[in-house]
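I have placed the structure first, in the form of structure tokens, so that the comments after it can refer back to it.
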Amino acid sequence: MASIPSSSQPEPPMVHASISSIKDFAESKGDSSPIPSTYHSISELHEDDDVADELAASIPVIDFSHLTSHHPQIHAKAVRLIGKACAEWGVFMLTNHGIPENLVEKLMKKSREFHDLPLEEKKEFGDKGPFEPIRHGTSFCPQVEKVHYWRDYLKATTFPQFNFPRKPPGFREVAYEYSQKIRGLARKLLEGISESLGLASNSIVESTEFDSSHQLFVVNLYPACPQPHLALGMPSHSDIGLLTLLTQNGIGGLQVKHHGKWVNINPLPNCLTVLLADQLEVVSNGRYKRVLHRAILKNGGTRISVVLANGPALDKEVGPLAELLEHEKPLFKSIKYQDYFLLQQKSRLDDKSSLDEIRLK
């Protein structure tokens, strides 16, 4: 496990003084109360709210069983499709991934049970900074954001060491099984992505030391919002790491940016949504772009998403793949993943992300 000097950690988040859980706040106020002005993201929505509903059916779909097929032609076609999805969208839906539906159902049930625990029982996990192994909090980046976001979260580092709450009973065991399966999927996807770049299948895995990599397990809860047109669950941002794999309950809200327009993600049954993250853009030297995404809100039902961010090893210096630099100039400078992690935590993630800080001019 990479050691993180405490002196390099940013200051603990200063959560909005009066609201330490948006779930508890929403339940105490009822369905018709106006939301606090500190949660109004209306300017963001008006400035950048061109939604292309017609593109939702065009989100790429990758059949994982084809990617792992021993039949050369089936595998080669899957590699081409994943390369196309990465180059054109930065997001795809993954079907036939092999994770049992009943495991996902248990995960969703236990995720809700955790967020339903009294706030007093979750206070021991209060967010004290990005390298705390388990943290619970609300909003997005309270220490830097101008407005707050309608979201509570649980975040836990689940690799290379597995950290997770021991309550509610059974949650830790379900999360462990799920996190292991997600790591296996992410590794295979990175192999396919390497091949799609014309490289050896182990190129990204080895260059990022993925087998001792950092995995962050996030359980988001977005309560029903009485004024969803005024607020956001999450602002426009890209993720840290290589690949983010997401599943959710039956309530939508995830949107991705595509050619300047927002596109709703309407997941197929029993599929995972895969989002390209910052370090994948770096290692591919800009051939595959990380995807901007956000969470919009609903006024009926509570949305839960379980998001696993799979990155390089924390102490690994990550830059464009050496094989790609044989024929092109680097677009990004190399930086240790843990240092990039800190850079990302200190900035408000928006269309201009911390990735720009390491982009070579």
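Here are the numbers for this structure:
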item	result
Kirkwood Rh, angstrom, the stretch 208-263 [1 / mean 1/r, Cα pairs]	14.3
Virtual paramagnetic centre 7 Å along Cα→Cβ of LYS188, amide N under 13 Å, in the stretch 275-309	none
Contour excess over end-to-end distance, with Cα ends at ARG359 and LEU325 and 0.36 nm allotted per residue	10.7 nm
The chain pair-distance distribution - Cα-Cα, 20 Å bins, rounded %	30, 61, 8, 0
Of all accessible heavy-atom area on the stretch 202-336, the percent that carbon and sulfur account for (1.4 Å)	50
Folded to 0 to 90 degrees: helix 101-116 orientation relative to the chain principal axis, Cα	40
Cα long-axis angle, helix 72-88 against the chain (0 to 90 degrees, to the nearest 10)	50
Listed peptides 316-326, 259-269, 177-187 by packing density, highest first (mean Cβ within 10 Å)	177-187, 316-326, 259-269
Share of pairwise Cα separations in the stretch 277-361, more than 20 Å, in percent	41
Solvent-accessible heavy-atom area per residue, rounded to whole Å², over the chain at 1.4 Å	42
Above-threshold pairs, the threshold being 31 Å between Cα atoms, out of LYS146/LYS336; LYS110/LYS188; LYS23/LYS146; LYS29/LYS181; LYS167/LYS261; LYS257/LYS316	LYS29/LYS181; LYS167/LYS261
log10 of Debye I(q)/I(0), alpha-carbon scatterers only, for the stretch 151-212 at 0.17 Å⁻¹	-0.68
Unit charges at the beta carbon, dipole of the chain: most positive-side option, GLY311, HIS293, VAL147	GLY311
Rounded to the nearest 20 debye, dipole of the stretch 233-297 from Cβ charges on Lys, Arg, Asp, Glu	200
Rg(Cα) / (2.2 N^0.38 Å) computed for the stretch 124-251, rounded to two decimals	1.21
In nm, spacing of pseudo-spin labels at SER201 and ALA57 (7 Å Cα→C-beta vector)	3.5
Inter-label distance for ILE251 and SER212, nm, one decimal - labels placed 7 Å from Cα along Cα-to-Cβ	4.2
Residues listed by number, the stretch 190-233, amide nitrogen under 20 Å from HIS75 label point at 7 Å toward C-beta	190-207
The stretch 64-153, Rg to Rh (Cα coordinates; Rh as Kirkwood inverse mean 1/r)	1.15
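The values are calculated or read from the model by the stated rules, or taken from the named source; none is laboratory data. Fair warning: this is a prediction, and the values are worked out from it, not measured in the lab. For neighbour counting, all protein chains shown are included, and Cβ atoms are generated from backbone atoms with ideal geometry for every residue, glycine included. These accessible areas exclude ligands, DNA and RNA; they are computed on the full protein's heavy atoms, side chains included. Shrake-Rupley method; radii C 1.70, N 1.55, O 1.52, S 1.80 Å.
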